[in-house]
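Following: one structure in structure tokens, then a few remarks.
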Amino acid sequence: MIEQRKEILAIILLCAVTFAAYINTLPNTFIFDDNHMIVKNNYIKNTQYIPLFFKGEITSEPIAKGMYRPILMLSFMFNYLTGGLKPYGYHLINILIHFLNAVLLYLLLKFLLIELKFALRLAITLIFCLHPINTEAVAYISSRSDLLCSFFILSGFYAYILSQVKGGSLKIRGEGLGGDSPLRRKRGQFLYLLSLCLYPLGLLTKESGLVFLGLIFAYELFYTQDILRNLKRVLLRLLPFLLLTFGYLFLQKAIFGNVFGLFGKVRPSAFPLRPLSANILTQAAVSFFHLYLFFFPFNLCIDHNFPIITTLATPLGLISLILIFVLITTCLFLRSRTIPIVGFSCLWYFICLSPKFYARLNLVAAEHQAYLAYFSLYFIFGFLLAKWRIKKIYLRQLFFFILGLFFLLTVLRNLQWRNKYILWKSTLKVNPDSGIAKAELWVDLYNQGLFVEAETFLKDSAKTASSKHTRIISLLNLAIYYALRDEPEKGLEILEQKKNYLLRAYPFGYYKNLGFIKMRMGEIEEAGDAWVRALRFSPNNARIEAMLGVLYLEHFSDFKKAKEYFNESIKHNPNSVIAHLGLARALENEDLKEAIRQYQEVIRISPRHPLGYFYLGLIYAQKLLSSEAEWYFKKATEVSPNFAPAYYNLCIFYLSLPEPDFERAQEYFDKARELGYKIDSEIKDMLQKREISLEKDYYISGHIGE
């Protein structure tokens, strides 16, 4: 009874400490990937889109990442339906999951290290709760993918190892574990089935859930007595998990046409991915960099300045790769002679990091990616503390010092996630050459109306950044900045001055930006030529194809060519709103039914985008003479309250009724004018005189890019 009370008090303490450390994340805003995963993700805002989560559609931006994470999306939907876009609800869920993972660590320490005393077990778990290396996983809302996937893996793993506890089959505690009673067998079967259910939940949360199979295999390898004699039994235990893994991979193939870039066609990237060999060498070194960050968590940031290692001639990559190989082979060959928890922990660490060796991520050393791998270090700490004899007074003093330090560092690190400006500024302090931080920071300055600061920042970055990639992106962004500020000539001058340099380093970016600048200058043909050249360097780029379609539709009136580009864009990105809009516009005069279907597809993809409703309103108002026009125009104003063309067309609609409604027409006329829309003087006269003389079509259609 006393032991049970101690366990309950321990869990309460873990909860209190975790929430105390992270309570200051609640006011933090949405940052970085949160924008396309949550803020602009219309799929999480209506339960009717739940089936789409299981079809691989996770974002309405859309950003085609080839990710399949329906459980993660359901968790974001829960947040949205219960609290909208108030960030504190999302942060609360992240903190809760981190606390649950702490409980699982506590239980795993208790099970794997029976000799570890209660106080030490609790102390290790408290350090996990407060360790500042976990702040990115907890404070960054989109990192819920790692938190939640880790929760399913840990709980599934715990259920799996508990299911194997029966008389003499394991050597976890160095002693027999009692008889094999019917009740124990039923309990074991239930836990085994529970583990089988939790594994798919991890896979459907994040692709790295695949490491679960490696973890239970490593567990069997180190903890099953006489594994060769029991090999058949072990393989039968692992077989259902193996079948689930193959089923998941087939699902990936069915949805995306490939399995993580293998066994099918993959859309080429504008920026070529680094070779797999370079990624393996880089991640080998990053594996040890994560250890450095764990033991010295004082310069944490979202984008560490870690070099890409491209050749075996680089000692950092080669030595790291050799060391990993030596560690793993030593653990395997000396399996029967080593203490199980040590060898198992070593494999745990590298198994959990293994997805990064294949996935060529932009952030090669992101802190949240090692969240689950770090559990191995807590297992080893538990083993060492159980074996070493340290005077309690020194151990207690050290513990409270570390706990206090980590609490302070975590609270301060949480403040760096308060908003994107603070985050990127703090990132630049640690890594002054962070290309992502610089790109994000100038956009934030621009959106705040701090134009001088944004310009100065880009100029400085283009000159002083030590990374070639960062200098290139800063130059291109500076050119775009001038185009957005109605000074496209300055932007063009930058591109012309650095033409040879940019064409050698990033030809796609050069021609893409050149096309945009030419558009802003009104040189439509030159813009089209630039975008056609851009496609040579990034074939199947849906965004460029859609913009070329818009050019041929709205400026050249070449409907055939426009449809070709729109269809290609949809082929390469079925969620391209611009392509569906353009194709619908091009089809209105030849296939009205298909045009309506395309507009409805726009609404399905992006229900908060006003143009799908707006153009359907035009069709019903101009061609079908239907009262549904009113509903669609009003819906456009509902999803976008500042969309002036919809208000203006509502005014025309009410004037076009058999019995004109001048009051409503005047109301919407005034709203359109208030929003700065250019008013037709004839409509103004009709409203003033209360006389209707609609001798032409006064409806306006606007442009696809509005």
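Of ASP670, ASP226, the sequence from fewest to most neighbouring Cβ atoms within 10 angstrom is ASP226, ASP670.
Panel order for TYR421, TYR446, by other beta carbons found within 10 Å of each beta carbon, from fewest to most: TYR421, TYR446. Compared with the dominant principal axis of the Cα atoms in the chain, helix 211-223 is inclined by about 0°.
Out of the GluC sites (Glu not before Pro) in segment 655-700, which ones are loop residues according to DSSP with at most 15 other C-beta atoms within 10 Å? For GluC sites (Glu not before Pro) across segment 655-700 that sit outside H, G, I, E and B with at most 15 neighbouring Cβ atoms in 10 Å, the list reads GLU691, GLU695. The convex hull of the Cα atoms of segment 418-474, projected and averaged over all directions, covers 3.5 nm². With respect to the chain, whose longest principal axis is taken over its alpha-carbon atoms, helix 435-447 is tilted by about 40°. For the pair ASN230 and THR29 in one chain, pulling the backbone fully straight at 0.36 nm per residue adds 67.0 nm over the alpha carbon distance. Taking only Cα atoms, what is the 0 to 90° angle, nearest 10, from helix 182-203's long axis to the longest principal axis of the chain? The helix 182-203 is inclined about 40 degrees to the chain. Note on ASP670 and ASP697: with the Förster distance fixed at 30 Å, the Cβ-Cβ geometry gives a FRET efficiency of about 0.85. Normalised by the number of residues in the chain, the average gap of Cα pairs under 8 Å and 6 or more apart makes the relative contact order 10 percent. Assuming R0 = 35 Å, can you tell me the calculated FRET efficiency for the pair GLU115 and PHE217, based on Cβ-Cβ distance, to the nearest 0.05? E between GLU115 and PHE217, to the nearest 0.05, is 0.85.
Between TRP631 and LEU484, full extension at 0.36 nm per residue minus the direct alpha carbon distance yields a gain of 49.5 nm.
Estimated from the Cβ-Cβ distance and a Förster radius of 45 angstrom, the FRET efficiency linking ASP680 and GLN48 is about 0.70. The alpha carbon centroids of segment 545-615 and segment 329-405 are separated by 53 Å. Spherically averaged projected area of the convex hull of Cα atoms, segment 591-706: 7.0 nm². Summing +1 for each Lys or Arg and -1 for each Asp or Glu among the other residues whose beta-carbon sits under 12 angstrom from that of GLU487 gives -1.
What trypsin sites (Lys or Arg not before Pro) does segment 273-365 have in DSSP loop regions with at most 10 other beta carbons within 10 Å?
Loop-located and lightly packed - ARG337.
Note: segment 469-586, Cα convex hull, 99 Å³ per residue. The chain has equivalent-ellipsoid semi-axes of 54, 29, 25 Å, by the square roots of 5 times the alpha carbon gyration tensor eigenvalues, sorted largest first.
For segment 461-567, applying the loop criterion from DSSP together with a ceiling of 16 other beta carbons within 10 Å to the trypsin sites (Lys or Arg not before Pro) yields ARG485. For the pairs LYS634/LYS689; LYS560/LYS678; LYS420/LYS490; LYS55/LYS635; LYS356/LYS518; LYS490/LYS571, flag any whose C-alpha to C-alpha distance is greater than 30 Å. Listed pairs above 30 Å: LYS560/LYS678; LYS356/LYS518; LYS490/LYS571.
Every number in this text was worked out from the coordinates using simple rules, so none of it is lab data. It should be emphasised that the depicted structure is a prediction, and the values quoted were computed from it without experimental measurement. Heads up, the Cβs are rebuilt from the backbone with ideal geometry, glycines too, and the neighbour counts pull from every protein chain shown.
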